[in-house]
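**Q** My questions all concern the structure below.
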Amino acid sequence: MHNFFKVSGGIASTLVSISFMFIPESLFAKYNIFSNISNEMNIIVNRILFLLGVIVISMILSTIYMCVRKKITIKGHNYTIQIKYGDIQKIKKCKKVINFDECFTTTVGESPSEIKPTSICGQYLLKNPNIDMDRLIANAKLKPAKTNSKFQNKVRYDSGKLVPNGDDLLMAFAKLDEDGIGMFFSYQEFLDCLSILWEEIDKYYGQKDVCIPILGSGLTRINGQSLTQQELLDIIIMSYKLNTHKIKKPYKLRIICKKNDGFSLNNIGESL
């Protein structure tokens with residue numbers, strides 16, 4: 001709602017400024033709605049009615065604009081963030097972050113320890129069935145985490161670390177439990193992961209935009225409560241703004257979102 005009034009106010013202010021600049025005062029004096037008031041008061045009344053009309057029109061235009069827009073851009077003095085609806089697998093001319101689990105599992109299937117085929121990681125692996133993860137990790141000189149995974153004591157990597165594969169940046173993310181199922185992050189663990197991610201992106205973006213999905217959906221909790229996609233997006237944006245590692249202009253961070261119930265680009269920033 002705050003964003004709605006902000007957009008409406010901006011449109012109304014622009015329309016009023018332009019109108020009062022070009023509409024002569026004689027036009028406001030031409031129409032006498034109330035015959036028993038002075039000419040000066042009549043001009044004031046007409047201006048007020050005109051202003052109210054502009055506000056109504058601005059609200060209608062804002063409603064249409066906010067319903068049809070598919071992206072929003074947030075700019076700071078040293079960064080640009082673009083949030084848009086889409087499918088990260090179909091985005092081109094950028095580097096894409098694909099989130100794996102902490103062990104970079106590559107087996108796709110329906111068992112608890114396998115990557116679900118409908119996930120971003122699963123779709124990526126199905127399109128790249130011959131991926132050699134061990135070679136990619138070795139080429140990236142990525143060091144394992146200090147402790148092994150709870151799942152079969154496998155080698156794991158700190159959440160947020162990246163392994164390049166061409167223009168794709170494969171990301172260690174979800175921690176695994178004893179059954180190979182993604183464990184819940186605490187709020188602080190999620191922030192720590194994002195901090196590592198921004199540093200890694202700064203190292204690998206190579207003068208290209210970088211696209212990331214909304215990370216942590218269904219896995220991140222605060223005080224035992226899972227965070228919504230809307231809340232996660234706000235945290236990701238705020239974390240990036242505050243971090244010293246950023247993609248240098250004219251390149252930008254792009255966050256790719258899926259449309260679903262309870263999520264809207266119009267509500268960005270309202271959950272913090």
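**Q** Using modelled backbone amide H atoms (1.01 Å from N, in-plane), which distant-in-sequence or interchain residues come within less than 5 Å of ILE98's amide H?
**A** Amide H neighbours of ILE98, under 5 Å, 5+ apart: LEU169, LEU170, MET171.
**Q** What Kirkwood Rh does the range 72-267 have if only Cα atoms enter the pairwise 1/r average? Answer in Å. Could the numbers behind the result be given before it?
**A** Details: mean 1/r = 0.0585 Å⁻¹.
With all distinct Cα pairs of the range 72-267 included, I get 17.1 Å.
**Q** Using θ = phi - 60° and the Karplus relation 6.51 cos²θ - 1.76 cosθ + 1.60, list the HN-Hα couplings for the range 226-240 in order, rounded to whole Hz, with x at every Gly or Pro.
**A** 5, 7, 7, 4, 5, 5, 4, 4, 4, 5, 4, 4, 5, 4, 5
**Q** On a C-alpha basis, how far is the centre of the range 232-264 from the centre of the range 42-61 in Å? Whole number, if you could?
**A** 37 Å
**Q** If I model a spin label as a point 7 Å beyond the Cα along the Cα-Cβ vector, how far apart are those points for ILE48 and ASN267 in nm?
**A** 3.8 nm
**Q** Which of HIS245, HIS77 comes first, and how do the rest follow, when ranked by fewest Cβ neighbours within 10 Å?
**A** Working: HIS245 14, HIS77 5.
By the 10 Å Cβ count, ascending: HIS77, HIS245.
**Q** Residue-wise, which Karplus ³J(HN,Hα) couplings in Hz belong to the range 100-113, taking 6.51 cos²θ - 1.76 cosθ + 1.60, θ = phi - 60°, and x for glycine or proline?
**A** Going residue by residue, I get 9, 8, 5, 9, 6, 4, 10, 8, 9, x, 9, 6, x, 8 Hz, with x marking Gly and Pro.
**Q** Order the peptides 47-55, 165-173, 97-105 from the highest to the lowest mean number of other Cβ atoms within 10 Å of their residues.
**A** On the way: 47-55: 14.1, 165-173: 20.9, 97-105: 23.3.
Top of the packing list down: 97-105, 165-173, 47-55.
**Q** Along Cα→Cβ, 7 Å out, is where each label goes; now give me the distance between the ones at ASP179 and ILE131 in nm to one decimal.
**A** In this crude label model, ASP179 to ILE131 measures out at 2.5 nm.
FYI, it's all coordinate maths here, none of it is from the lab. All figures in this text were calculated on a predicted structure; none of them were measured in a lab. Note that each Cβ is placed from the backbone with ideal geometry, even for glycine, and that neighbours are counted across all protein chains shown.
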